[in-house]
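Have a look at the structure below before the remarks.
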Amino acid sequence: MIRNIISLSETGLQRLNNQDAIFVVNAEHVGIFAVADGMGGHYRGELASKMAVTLLEEWWEKIRDCIGAMPFYDVVDELEKKVRSINEGIYQMYYEMGQLGGTTLCLLLIQKAAYVVINVGDSRMYRCQGWDCMQATSDDVQDQFQGGLTQALGAQKRISPNIFSGVIKKKTCFFLCSDGIYKYCEEKFLFSRLRSLMWRKTASVAEQIRKRVYQNGAKDNLSMIFVEVDTGKIR
């Protein structure tokens with residue numbers, strides 16, 4: 001089913017530390033992938049992104065032996081509950097420190113031929129099927145000019161995650177990334193590289209995108225995850 005995964009998370013050229021965190025798990029018939037980007041301008045965003053990934057990993061360790069046999073929408077329900085619980089945990093951590101902070105989360109779960117995406121903040125997922133490439137998530141921002149997140153994990157007591165699901169009917173590539181990728185890689189270039197997955201290897205496309213971000217200054221941390229699904233191997 002999942003035949004190829006490429007992931008990276010780097011500090012970039014101007015930041016002193018990496019406030020991003022990624023999570024990658026590929027087990028039989030199930031894959032979980034996440035990008036978390038700690039909020040800049042707030043207190044130690046790396047604490048929030050790291051906590052989000054750590055709690056997600058703990059959830060996976062508890063459910064990994066039974067998740068493959070669970071009905072898909074039961075898994076979706078459990079995962080949504082976990083994301084809300086992670087939000088509460090991060091919020092409590094910052095509250096006890098008397099600080100403000102948070103993290104984005106773009107989370108993809110694939111179970112056999114079904115997938116679900118849970119997104120909070122402005123990290124993104126793009127979906128490519130042949131020539132058809134699209135931004136599949138919505139950014140939780142005030143507007144494209146002012147910026148500023150309207151919600152993030154840990155920034156408020158309660159969140160309203162953006163959730164959507166679908167069925168994989170043909171060869172598909174999912175591309176998750178933090179804003180340190182798409183803000184320093186022109187949209188036209190990004191989509192052209194994603195469409196080139198039809199004839200180029202994923203590792204080559206990932207390196208081209210990474211190189212472009214650095215050419216444009218890499219002013220933020222940068223994280224990305226490519227997940228290729230071969231429908232011929234779905235059962």
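The values are calculated or read from the model by the stated rules, or taken from the named source; none is laboratory data. Keep in mind that this is a model prediction, so the values were computed, not measured. All Cβ positions, even for glycine, are placed from backbone atoms using ideal geometry, and neighbour counts span all protein chains on display.
Only residues that are surrounded by fewer than 20 Cβ atoms within 10 Å (Cβ to Cβ) and in contact (Cβ under 8 Å) with a residue 60 or more places away in the chain: list them for segment 28-41, please.
H29, G40 - these are the residues of segment 28-41 that are surrounded by fewer than 20 Cβ atoms within 10 Å (Cβ to Cβ) and in contact (Cβ under 8 Å) with a residue 60 or more places away in the chain.
Which one of these does S138 not meet: (1) closer than 24 Å to V76 by Cα; (2) modelled with pLDDT of 95 or more; (3) loosely packed, with under 15 Cβ neighbours inside 10 Å?
Tallying (1) closer than 24 Å to V76 by Cα; (2) modelled with pLDDT of 95 or more; (3) loosely packed, with under 15 Cβ neighbours inside 10 Å, S138 fails exactly one: (2).
Test of understanding: among V53, V83, V25, which residue is out of contact with any Phe, Trp or Tyr (no Cβ under 7 Å at 6 or more places or on another chain) and touching a residue at least 12 places away in the same chain (Cβ under 8 Å)?
Just a single option satisfies the conditions, and that option is V83.
Quick one: in segment 30-83, of everything that is within 13 Å of T103 (Cα to Cα) and of a type in the set (K, R), which residue is farthest from the chain's Cα centre (by Cα)?
Step by step, filter segment 30-83, then rank; the result is R44.
Considering only helices (runs of 4 or more DSSP H) fully contained in segment 178-235, which possess at least 2 residues that are farther than 25 Å from L105 by Cβ?
In segment 178-235, the matching helices (runs of 4 or more DSSP H) lie at 187-195, 202-215.
Quick one: in segment 184-214, which of the residues that are within 14 Å of F226 (Cα to Cα) and among the β-branched types (V, I, T) is surrounded by the fewest Cβ atoms within 10 Å (Cβ to Cβ)?
T202
Can you tell me which residue is surrounded by the most Cβ atoms within 10 Å (Cβ to Cβ) among those in segment 5-23 that are assigned to a strand (DSSP E or B) and of a type outside the set (D, E)?
Among those that are assigned to a strand (DSSP E or B) and of a type outside the set (D, E), it is A21.
Scan segment 35-56 residue by residue and report those that are hydrophobic (A, V, I, L, M, F, W, C) and touching a helix residue (DSSP H, G or I) at 6+ places or on another chain (Cβ under 6 Å).
Matches in segment 35-56: A36, M39, A48, M51, A52, L55.
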